Amino acid sequence: MKGTKHIPREILVTGGAGFIGANFVEHILAEDGGVSVTTLDALTYAGSRENLARVMDNPRHHFVEGDITDAALVGRLLAERQIGTIVHFAAESHVDRSITGPGAFITTNVVGTFTLLEAARAAWNGKNDVRFHHVSTDEVFGSLGESDPPFSEFTPYSPNSPYSASKAGSDHLARAYYHTYGLPVTITNCSNNYGPYQHAEKFIPTVIRSALAEKPIPIYGAGQNIRDWLYVGDHCKAIDIVLREGRTGETYLVGGRSERRNIEIAGEICALLDKLVPRKEGRYADLLTSVTDRLGHDFRYAIDSSRIEHELSWKPSETFDSGIRRTVKWYLDNPSHLARHA
């Protein structure tokens, strides 16, 4: 069952210079000629103007460097730009960083989300065709065993890292603003994304970067941890359809139906590189190296995306094999991205 159709026109995209945000900004500007986008990004280590190079000169795109915790700035943008749609990506998102420095995760993910919700509530009082879309993660649900059923919209929250706990808190705030104030909120929880513009510290870019540099490719433990992988372009399409047709107050889980062990992912990337840019001696898989496992490393994430598939007719267009091939080729064609963020 679809909700009341929302027609986005003036959109604020927070974290739009980051990995998924930049892909979404490109997607929405290309798909809807009636949309204008204001990108708000603090340009921390995870965000870069270069990620938005293809849209920086687009007259329908406006870039603002700033922090989502700056209530005055956010309020001014909503008023001046007549923002009627917020797509909220901005977040600290790297689990390892949350273990060594959790404070930034609470500030950005919890306080920042609260600041945006308050600004939207003040600016949209009495308005009808407005929408606040909150982008979250499957990590809020905790860890699955090998044979457990995948996460669904009814899975209880059980976060295990400071990162996932901070995202769980932001989800709860967004949902509370719908139920308490009637703010038209939608939420998506996605599985692991991969594709163009991903920061080099993440797993797939790390494998590619290390292999090309002829350095050891780090694999946590025995590499048996399992993730469901979602090509970023498919994720952007899912957000777009939820934004326009999803029911307010509801959550939709978005997954790629592509569960893989980490060691399998690394092996497939190495095999692709063997074909595309062969080593002078040996195979890239020879570089795979076990490293000390992450503290509290969740074993498995998996998503049942039946709801968005049945209610909103969304399905991923990329298989993992096709998506990872596109991703590897993109990094080979854009080596400066890995060098810039290494």
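The values are calculated or read from the model by the stated rules, or taken from the named source; none is laboratory data. Every value quoted in this text rests on a predicted model; they were computed, and no experiment measured them. Please note: Cβ atoms are built from the backbone with ideal geometry, for glycine as well, and neighbour counts cover all protein chains shown. Areas reflect the complete protein model, heavy atoms only, side chains present, ligands, DNA and RNA absent. Shrake-Rupley method; radii C 1.70, N 1.55, O 1.52, S 1.80 Å.
If you go through region 26-62 and keep only what is within 25 Å of Asn109 (Cβ to Cβ), without any contact (Cβ under 8 Å) to a residue 40 or more places away in the chain and in contact with a Ser or Thr (Cβ under 6 Å, 6 or more places away or on another chain), you end up with just His62.
Restricting to region 90-136, count the residues that are open to solvent by less than 10 Å² (accessible area, probe 1.4 Å) and of a type in the set (Ser, Thr, Tyr). Matching residues across region 90-136 total 3.
Looking at Ala120, Ala91, Ala104, just one residue is closer than 22 Å to Gly16 by Cβ and in contact with a Gly (Cβ under 9 Å, 6 or more places away or on another chain), and that residue is Ala91.
No other residue among Glu201, Glu153 is touching an Asp or Glu at 6+ places or on another chain (Cβ under 9 Å), surrounded by fewer than 18 Cβ atoms within 10 Å (Cβ to Cβ), within 24 Å of Glu26 (Cα to Cα) and in contact (Cβ under 8 Å) with a residue 24 or more places away in the chain apart from Glu201. In region 205-248, how many residues are among the small types (Gly, Ala, Ser), surrounded by 22 or more Cβ atoms within 10 Å (Cβ to Cβ) and closer than 28 Å to Ile308 by Cα? Residues in region 205-248 being among the small types (Gly, Ala, Ser), surrounded by 22 or more Cβ atoms within 10 Å (Cβ to Cβ) and closer than 28 Å to Ile308 by Cα: 2 in total.
Answer yes or no as to whether Val37 is in contact with a strand residue (DSSP E or B) (Cβ under 6 Å, 6 or more places away or on another chain), surrounded by 21 or more Cβ atoms within 10 Å (Cβ to Cβ), assigned to a helix (DSSP H, G or I) and not acidic (Asp, Glu). When the stated conditions are applied, Val37 does not pass them. When the residues of region 293-321 are filtered to those that are in contact (Cβ under 8 Å) with a residue 60 or more places away in the chain and assigned to a helix (DSSP H, G or I), the one that is surrounded by the fewest Cβ atoms within 10 Å (Cβ to Cβ) is Ser306.
Does at least one position in region 182-191 carry a residue that is modelled with pLDDT of 95 or more, farther than 30 Å from Ala271 by Cβ and touching a Pro at 6+ places or on another chain (Cβ under 8 Å)? No: zero hits. Given the criteria among the basic types (Lys, Arg), surrounded by fewer than 20 Cβ atoms within 10 Å (Cβ to Cβ) and within 28 Å of Glu31 (Cα to Cα), does Arg261 qualify? Judged against the criteria, Arg261 is not a match.
Among the listed residues Leu29, Leu52, Leu43, which satisfies the condition of being on the phi > 0 side of the Ramachandran plot and open to solvent by less than 60 Å² (accessible area, probe 1.4 Å)? Before you say what the answer is, go through the steps one by one.
Working: Leu29 fails: on the phi > 0 side of the Ramachandran plot; Leu52 fails: on the phi > 0 side of the Ramachandran plot.
Step by step, each of Leu29, Leu52, Leu43 is checked, and only Leu43 is on the phi > 0 side of the Ramachandran plot and open to solvent by less than 60 Å² (accessible area, probe 1.4 Å).
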